[in-house]
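Engineer: Just dropping this structure here.
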Amino acid sequence: MIRIGCGQGFWGDSSEAPVRLVEDGPLDYLALDYLAEVTMSILQKQKKENPAFGYARDFPALMERIQKSGVKVIANAGGVNPVACAEEVRRRCPQLKVAVVLGDDILDRVDSFPLLNIDTGEALSTVREQVLSANAYLGAFPIAEALRTGADVVVTGRCADAALVLAPMIFKFGWGETDWDLLAAGITAGHIVECGAQCTGGNCLADWETIPDLARIGYPIVEAEADGSFVITKHVGSGGRVSLGSVKEQLVYEVGDPRAYYTPDVIADFTTVTLVEDGKDRVKVTGAHGLPRPEMLKASISYHWGWKASGTLVYGPPMAVEKARRGAKIVDERCELLGLKFDRAVTEVFGEEWAMLRMAVRARERGAVERWTREMVPLVLNGPPGATGYGEGRPKAHQVVAYWPALLPREAVVTRVEVLG
């Protein structure tokens, strides 16, 4: 049996969770998932501004804190610059051996494939000039290959979230590329824990009012067996709860067809899975069934769509709601006089005795959005009385990044492993 903890569900998750996982009980592997689809575009922009960036820069600092734990760490913190990430880990922790999985970045080759939008069927050529990042989802076998080098830390770029958990099972148990049911079991485990504390009581609809000690919520641990069975649990004494409800909610999270959950390594059928209570804060999972892996790999592509801005004001009594609504109308009328056009505009008023006005706009061109940002804050002196809550000052225009999912031939992506130290 191996114990795999998941200490990050996204870039920005608790910085203390991985530390508590390795300090509060036995653990063999620590999986850290940093990458949402939009994260890649953010990292690509950072790398463009500074070639040394482009990865989750809090990860090397975390490794510095847990470097003496003896736990093998697998993280997709590399983003669009995994080598730079690994080099920074080595600089801070020179005694650690770090392996890097490469091959997911296809930004320089997007013109080599059709890359039709999965949802609309459009060709990428329609937004080609606006493309910011392009990465193929890699599977677990390159990560397992990296573990075979004896690495203490494995850094990847874009890979399937669940692959971070499946990889140590492949490495430890010797599962092969056609062991479909075993691979499906590992993917099921990885999918359940990939969002961190979301399966231990966080963001949980099942009896959320009664979930204990969320301030000290424990992050999930997979106790995996070579036969594909596994238990979802957490460290004894930590907050939160592992229950049938919390695990089931995560099992169906972000799933289109539960009979066919596509990953680079296997197509998992979640409808065959059995979940049973296995003691306090323990849920045992068995019966996973897998189908042969898909012929195509998914590509995650981001592109610049346009611009957006939002701002808030707070109005005090009396007649706070009426003041807020009147302020919004004034801004709209002024924009109409200026001839400003937006793809979408939203106005929201919250509260009763005190009211918060929130306004937001979105447009293809930056000019209209930038001009709008100069019309809200002046309401403090030239609109209804009693406005406050504008501490952030004038709203700022921000880039809108859109997502372009596509498929490309599996053979077009070649992975490799580099070892540092």
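Values in this text are rule-based calculations from the coordinates and carry no lab data. Bear in mind the structure is a predicted one, so any value in this text is a computation, not a measurement. Please note: Cβ atoms are built from the backbone with ideal geometry, for glycine as well, and neighbour counts cover all protein chains shown.
Engineer: Considering Cα pairs under 8 angstrom that are at least six residues apart, work out the relative contact order of region 175-241 and quote it in whole percent.
Structural biologist: 33
Engineer: Could you give P(r) for region 301-404, binned at 10 Å from zero, as whole percent values over all Cα-Cα pairs?
Structural biologist: Result, from short to long distances: 16, 46, 27, 10, 2 percent.
Engineer: At 0.36 nm per residue, minus the direct Cα-Cα distance, what do ALA215 and THR388 gain on full extension? Give it in nm, one decimal, please.
Structural biologist: That works out to 59.1 nm of additional length.
Engineer: May I pose another question? Under 12 Å from the Cα of LYS284, which aspartates and glutamates turn up, not counting those fewer than eight places away in the same chain?
Structural biologist: Correct list for LYS284: GLU223, GLU225.
Engineer: Moving to a separate point now. By the scheme Lys and Arg +1, Asp and Glu -1, what is the net charge of all other residues having a beta-carbon under 15 Å from that of ASP181?
Structural biologist: For residues surrounding ASP181, the net value is -4.
Engineer: With a 10 Å cut-off between alpha carbons and a GNM built on the chain, which of GLU254, GLU223, GLU353 moves the most?
Structural biologist: It is GLU353.
Engineer: Distance between the C-alpha centers of region 1-41 and region 102-137? Whole Å please.
Structural biologist: What the calculation gives is 29 Å, centre to centre.
Engineer: Sticking with this one: Counting other beta carbons within 10 Å of each residue's own, what order do ASP13, ASP24 fall into, fewest first?
Structural biologist: Taking fewest neighbouring Cβ atoms as first place, the list is ASP24, ASP13.
Engineer: Also: Provide the per-residue ³J(HN,Hα) series for region 260-270, in order, calculated from phi with Karplus coefficients 6.51, -1.76, 1.60 and θ = phi - 60°, each as a whole number of Hz, with x at glycine and proline positions.
Structural biologist: 8, 8, 7, 9, x, 9, 5, 9, 8, 9, 6
Engineer: What does the helix-only formula give at 222 nm for the chain: each DSSP H stretch with n ≥ 4 adding -39500 (n - 2.57), the total divided by the residues, and the result rounded to the nearest 500 deg cm²/dmol?
Structural biologist: Computed mean residue ellipticity for the chain: -7500 deg cm²/dmol.
Engineer: Please list, or write none, the lysines whose alpha carbon is within less than 17 Å of the alpha carbon of LYS329, excluding same-chain residues fewer than 8 places away.
Structural biologist: LYS341
Engineer: Compute the relative contact order of region 301-404 as a whole-number percentage, counting only Cα pairs closer than 8 Å that sit 6 or more residues apart in sequence.
Structural biologist: So the answer I get is 46 percent.
Engineer: Given the options PRO385, PRO18, PRO405, which has the most mean-square fluctuation in a GNM of the chain, springs set between C-alpha atoms less than 10 angstrom apart?
Structural biologist: Comparing PRO385, PRO18, PRO405 in the GNM, the peak value goes to PRO385.
Engineer: Something else now. Counting only complete DSSP H runs, which helices of the chain cover 24 Å or more along their long axis at the Cα atoms and score a mean Kyte-Doolittle of -0.5 or above?
Structural biologist: Membrane-span-like by this criterion, though nothing is claimed about a membrane: 320-338.
Engineer: Let me ask another. Top mean-square fluctuation among VAL276, VAL110, VAL247, Gaussian network model of the chain, C-alpha springs under 10 Å?
Structural biologist: Result for the chain, Cα springs under 10 Å: VAL276 fluctuates most.
Engineer: Still on this structure, please answer the following. Given R₀ = 35 Å, what would the calculated FRET efficiency be for ALA402 paired with GLU177, taking r from the Cβ atoms and rounding to 0.05?
Structural biologist: My answer for the efficiency is 0.50.
Engineer: For the pairs LYS172/LYS234; LYS45/LYS308; LYS45/LYS396; LYS47/LYS172; LYS68/LYS248; LYS48/LYS72, note any where the Cα-Cα span goes beyond 24 Å.
Structural biologist: In this structure, LYS47/LYS172; LYS68/LYS248; LYS48/LYS72 exceed 24 Å between Cα atoms.
Engineer: Can you give me the Cα centroid spacing of region 357-383 and region 178-235 in angstrom?
Structural biologist: 44
Engineer: Whole Å is fine, so just give me how far the alpha carbon centre of region 70-98 lies from that of region 43-60.
Structural biologist: Distance between centres, Cα-based: 14 Å.
Engineer: Continuing with this model, one more query. Using modelled backbone amide H atoms (1.01 Å from N, in-plane), which distant-in-sequence or interchain residues come within less than 5 Å of GLY239's amide H?
Structural biologist: For GLY239, the qualifying residues are ARG216, ILE217, GLY218.
Engineer: Another question about this same structure. Report the relative contact order of the chain, percent, no decimals, based on alpha-carbon pairs under 8 angstrom and at least 6 residues apart.
Structural biologist: 18
Engineer: Please list the non-local residues whose amide H lies under 5 Å from the amide H of ASN76, H modeled 1.01 Å from N, same-chain partners needing a gap of 5 or more.
Structural biologist: Excluding prolines and chain starts, which carry no amide H, the hits are LEU32, TYR34, THR156.
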